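Values quoted throughout were computed directly from the atomic coordinates according to the rules given, and no laboratory measurement underlies them. Everything quoted here is computed from the prediction, not taken from an experiment. All Cβ positions, glycine included, derive from the backbone under ideal geometry; neighbour counts span all protein chains shown.
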Amino acid sequence: MRAASVADWRELARRRLPHIFFEYIDGGSYAEETLRRNVADLEAIALRQRVMRDMSTLDLSVTTLGQTLAMPVGLAPVGMAGMYARRGEAQAARAAAAAGVPFALSTVGVCSIEEVAATGAPPWFQLYMLKDRGFMRDLLARAQEAGSPVLLFTVDLPTPGSRYRDVRSGFTGSGPLEAALAQLRDGVTHPAWTWDVFVNGRPHTLGNVEAAVTQKGRVTDFLSWIARNFDKSVTWKDIEFVRDVWKGPIVMKGVLDADDARDAVNAGADGVIVSNHGGRQLDGVASAISALPRIADAVGGDIEVFMDGGVRSGLDVLKALALGARACFVGRPWAWALGGGGEAGVARMLATLRSELTVAMILTGCANARDAGRELLDLTHSPLR
Ligand SMILES: Cc1cc2nc3c(=O)[nH]c(=O)nc-3n(C[C@H](O)[C@H](O)[C@H](O)COP(=O)(O)O)c2cc1C
């Protein structure tokens, strides 16, 4: 199958990836209510069709945090992408750079910040609050040294949400023998992945945190280390520490409440990503798109407002812009495209978003992505009414 849409990349990833990794990417927490809501609420918003408005000149670019993005889209930090394709973070970073959009590297990426920066495009860097502040300081220094322009500080994961699919697939919670058997079965049934990633994609470690992890037999050993080292005591006061160490812009990722967004402004953040971690944390919370307008109204004049969660097309991108986002990020779409087609897959997925956004702008009469506002929506048909 030749992928025409984000949904097609999901299907290709399902065929190509070992079951445990497909389920890890695809799944959400608990009953996956929020995951479904993220997608469904975006789908349910109607765009307002406008015609006969000379749309021969379009500008999809936006400027934010000192950078110009060729279109208002970025690749959200996704853990362990180097298990979806050989040195996956580096491949995705190259595709993002070619499309003129930011790639955000997860704390728990397989490729280190240095390996990704060596592609020529230093990534935005994502970090969690870890108990070991000395280790955080070192990591931030490494990211700064590598030329990372923006820090995404993830605040919605003081503890990991429970993901039933990962238990069922054997990804988490299984013993070493059970895990080895599952890996063997997956390897035999996915030979292309085995050759590309298992054989040629080594080392299978998490490059940013490798030095601090003592037990590192399997890639999931690193995840257990991270889970043990997340700091549940974190408050806005601790942002002072991050502010002190990090000299560039800081964006708080995982804000879903307008009061928290105001606290982020007071803590000196340069931006927020309205996000519920793609429905992977507290199931049952509001969709990201439904939280966006309140947050944009509350703080959009003071700091940059981004969103992620459920964006599956260029039409969704325009809806997010119309509701107050400067740009939006995609998580699963690029992970699926990477798993389904490597760097070329991510490049094609981004090209699809771009052409869909172009059509949406032309048919809503929006010549400039910077000017997108609520007038582009038909709110009589919206769940946000
Ligand atoms: C497989 C996977 C791994 C993720 N890992 C991280 C991570 O390491 N750090 C982080 O801040 N967010 C992580 N996220 C959340 C994404 O950055 C983003 O918020 C979410 O995927 C957006 O929703 P979407 O997948 O519907 O686009 C992850 C998401 C997925 C799907």
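So the values come out like this:
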item	result
When residues of the range 293-306 are limited to those that are outside any helix (DSSP H, G or I) and in contact with a Lys or Arg (Cβ under 9 Å, 6 or more places away or on another chain), the one farthest from the ligand (Cβ to nearest atom)	ASP302
Where SER313 falls short, out of the listed (1) away from the ligand (no atom under 11 Å from the Cβ); (2) more than 24 Å from THR352 (Cα to Cα); (3) of a type outside the set (A, V, I, L, M, F, W, C)	(2)
Number of the exception - LEU384 against (1) surrounded by fewer than 24 Cβ atoms within 10 Å (Cβ to Cβ); (2) in a helix (DSSP H, G or I)	(2)
Residue tally, condition over 16 Å from ARG133 (Cβ atoms) and not in a loop (DSSP other than H, G, I, E, B), over the range 195-224	12
Residue check, GLN126 surrounded by 22 or more Cβ atoms within 10 Å (Cβ to Cβ) and within 12 Å of the ligand (Cβ to nearest atom)	yes
Entirely in the range 83-159, the helices (runs of 4 or more DSSP H) that have 1 or more residues that are without any contact (Cβ under 8 Å) to a residue 60 or more places away in the chain, touching a helix residue (DSSP H, G or I) at 6+ places or on another chain (Cβ under 7 Å) and among the β-branched types (Val, Ile, Thr)	113-117
Tally, over the range 1-51, of residues that are aliphatic (A, V, I, L, M), surrounded by fewer than 17 Cβ atoms within 10 Å (Cβ to Cβ) and part of a helix (DSSP H, G or I)	3
Matching residues, the range 269-284, being assigned to a loop (DSSP other than H, G, I, E, B), more than 7 Å from the ligand (Cβ to nearest atom) and not hydrophobic (A, V, I, L, M, F, W, C)	ASP270, ASN276, GLN281, ASP283, GLY284
Residues satisfying the stated conditions in the range 108-155, i.e. farther than 23 Å from ASN229 by Cα and of a type in the set (Asp, Glu)	GLU115, GLU145
Matching option when the condition is of a type outside the set (Lys, Arg) and more than 16 Å from the ligand (Cβ to nearest atom), among ALA99, ALA81, ALA76, ALA85	ALA99
In the range 55-82, residue surrounded by the most Cβ atoms within 10 Å (Cβ to Cβ) [restricted to those that are touching an Asp or Glu at 6+ places or on another chain (Cβ under 7 Å) and assigned to a loop (DSSP other than H, G, I, E, B)]	ALA76
Residues that are within 13 Å of the ligand (Cβ to nearest atom) and either more than 15 Å from ALA93 (Cβ to Cβ) or among the aromatic types (Phe, Trp, Tyr) (or both), drawn from the range 138-157	LEU151, PHE153, THR154, VAL155, ASP156, LEU157
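Residues are listed down the side, and each one gets a yes or a no for (1) buried (at least 20 other Cβ atoms within 10 Å of the Cβ); (2) aliphatic (A, V, I, L, M); (3) farther than 21 Å from SER29 by Cα:
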site: ALA104; (1), (2), (3): yes, yes, yes
site: GLU115; (1), (2), (3): no, no, yes
site: GLY120; (1), (2), (3): no, no, yes
site: LEU177; (1), (2), (3): no, yes, yes
site: TRP195; (1), (2), (3): no, no, yes
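Residue-by-condition table, conditions (1) more than 29 Å from MET52 (Cβ to Cβ); (2) within 13 Å of the ligand (Cβ to nearest atom):
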site	(1), (2)
PHE329	yes, yes
GLY340	yes, no
ALA347	yes, no
THR352	no, no
GLU356	no, no
ALA360	no, no
ALA367	no, no
